[in-house]
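What follows is a single structure, written as structure tokens, with notes after it.
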Amino acid sequence: MHLQAFVLLVASALSAASAVTQGTHKPTWRELRGYTFDKFIADFKLDIKHDTEEYLQRRGIFMKELARVVAHNAAAAEGATRGRSVWTENVNHMSAMTATEKKSFYGRDKNVKQASRSNLTHQKQLPSNYKLMPVESLPTAVDWRSEGVVTAVKDQGHCGSCWAFASTAVLESHAAIQSGLLFDLSPQQIAACAPNPDKCGGSGNCNGATAEIAFDYVAGSDGMVESFQYPYTEYFGVESSCNVPPASPKVQIGGFIQLTANNYEELMNAVAREGPIAVSVDASTWHAYDGGIFDGCNQVNPDINHAVVLVGYGEDNGQKYWTIRNSWSASWGEAGYIRLARDASDAEKCGSDITPADGTACEGETAPQTVCGTCGVLFDSAYPTSVTAQ
């Protein structure tokens, strides 16, 4: 079965934010021993016919993934007894997809670079009187969800629009912090309307871009409308042209700040003092994540390929973490979130992204890039400034 057809099958169970809310049964990781492909089909309500070529193909993919997940959890349980970092994995709506199909859940189409982008006219610098606080002076834990300024987790579907979802979520939160008004803004507006002539992070829309592209568009436009005014239509990966409705924008911004690459102290200050931050990561190994503090990325050659939202940080039994909001539905991970391992030495935990075109570079920029932090979380970070809401 081709990707589009399988997307339709998955959508039957996940057309809303979560398979759980559709009445499906997502097994716990402890229920996976003896779990079958037929049970998977029933649990996720997939219309895959028995004894067809599609059935055999998907079963082969699923059983291999199931065996890997069970083995991982067994090793994690053993590791936990020795005090090692552990996280659990599980089956989900992506467990029978090919590697190519899973790539549609990212939002960075390589051929791109973190630094100067001449076409972005609304980038600002940190104020001259802005002083970084020592990390030790910042709160020991931050979670902007507890402040009532974070909307529900969304589902980008099979469109590489993570950059639009991440930037929209950050805009929602900063507007709420400044005004007390929490709007559900339109990621469709950013995905369809933000220009990307230099093809930074991709060619735009479902083919990827960056949060900086999104913020620059919003700063130069009349502002963002609400999701109900301009609904998301690209779940199945079919792009549409820009068509902002004649509605009063709810949120405007004056520009955006891009943090210094790979600077742990600067990112800690930003998320603690300013609000949620759009960050770029290597999500290549995230698909089966179920819970716990994750530390399973390729740190030697991380592949920056996904945009997400940093909503805070904390510590669990002595292990520090970043709290990251994803856009793969609330049925994924910890209710749509993942906790990434964090350490004061993250700025020295670096690797080389040898395929920058999959991440934040612009077309033609192919030089390897140094990216730091778990899954490269320190590399590319940005947030809006002069935010107003009405």
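The numbers here are math on the coordinates, done by the rules we state, and not lab data. None of these values were measured; they are calculated from a predicted model. Every residue, glycine as well, gets a Cβ built from its backbone with ideal geometry; the counts of neighbours run over all protein chains shown.
Computed quantities for the displayed model
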{"quantity": "Considering only the chain, percent of DSSP beta bridges that pair antiparallel, nearest 5", "calculated": "90"}
{"quantity": "Reach of LYS49 by Cα under 21 Å, taken over lysines that are not fewer than 8 positions away in the same chain", "calculated": "LYS26, LYS39, LYS64"}
{"quantity": "Charge-dipole axis of the chain as Lys and Arg at +1 and Asp and Glu at -1 on Cβ define it, positive-most pick from PRO139, ILE324, ILE41", "calculated": "ILE41"}
{"quantity": "The chain: most fluctuating residue of ALA288, ALA77, ALA96 per GNM, C-alpha cutoff 10 Å", "calculated": "ALA77"}
{"quantity": "Estimated Rh, segment 278-390: Kirkwood, alpha-carbon pairs, angstrom", "calculated": "14.7"}
{"quantity": "For ILE354, ILE177, order by how many other beta-carbon atoms lie within 10 Å, fewest first", "calculated": "ILE354, ILE177"}
{"quantity": "Ranked TYR235, TYR383, TYR289, criterion: other C-beta atoms within 10 Å, fewest first", "calculated": "TYR235, TYR289, TYR383"}
{"quantity": "Qualifying trypsin sites (Lys or Arg not before Pro) for segment 128-186 [loop in DSSP, other Cβ within 10 Å: at most 15]", "calculated": "LYS131"}
{"quantity": "Cα-centred dipole magnitude for the chain, charges only on beta-carbon of K, R (+1) and D, E (-1), debye, nearest 20", "calculated": "400"}
{"quantity": "Ordering of 192-199, 367-374, 135-142, 35-42 by burial proxy (mean other Cβ atoms within 10 Å per residue, highest first)", "calculated": "367-374, 192-199, 35-42, 135-142"}
{"quantity": "Partnerless cysteines, meaning none of the other Cys C-beta atoms lie under 4.7 Å away, in the chain", "calculated": "CYS162"}
{"quantity": "Charge sum, other residues only, whose C-beta stays under 11 Å from LYS349's C-beta, Lys/Arg counted +1 and Asp/Glu -1", "calculated": "-3"}
{"quantity": "Among SER227, SER104, SER284, residue whose mean-square fluctuation peaks in a GNM of the chain (springs only between Cα atoms under 10 Å)", "calculated": "SER227"}
{"quantity": "The chain: angle of helix 53-81 to the longest principal axis, Cα-based, in degrees nearest 10", "calculated": "70"}
{"quantity": "Residue among VAL69, TYR383, ASN305 farthest towards the positive dipole end of the chain, charges placed on Cβ", "calculated": "VAL69"}
{"quantity": "Straight-distance crosslink candidates among aspartates and glutamates, where the alpha carbon sits under 15 Å from LYS199 and sequence neighbours closer than 8 are dropped", "calculated": "ASP109, GLU212, ASP216, ASP358, GLU363, GLU365"}
{"quantity": "Whole-percent pair-distance distribution, where bins are 10 Å wide, for the alpha carbons of segment 123-389", "calculated": "7, 33, 39, 19, 2, 0"}
{"quantity": "Of ILE293, ILE257, ILE338, the one that fluctuates the most in a GNM where the chain has Cα springs shorter than 10 Å", "calculated": "ILE257"}
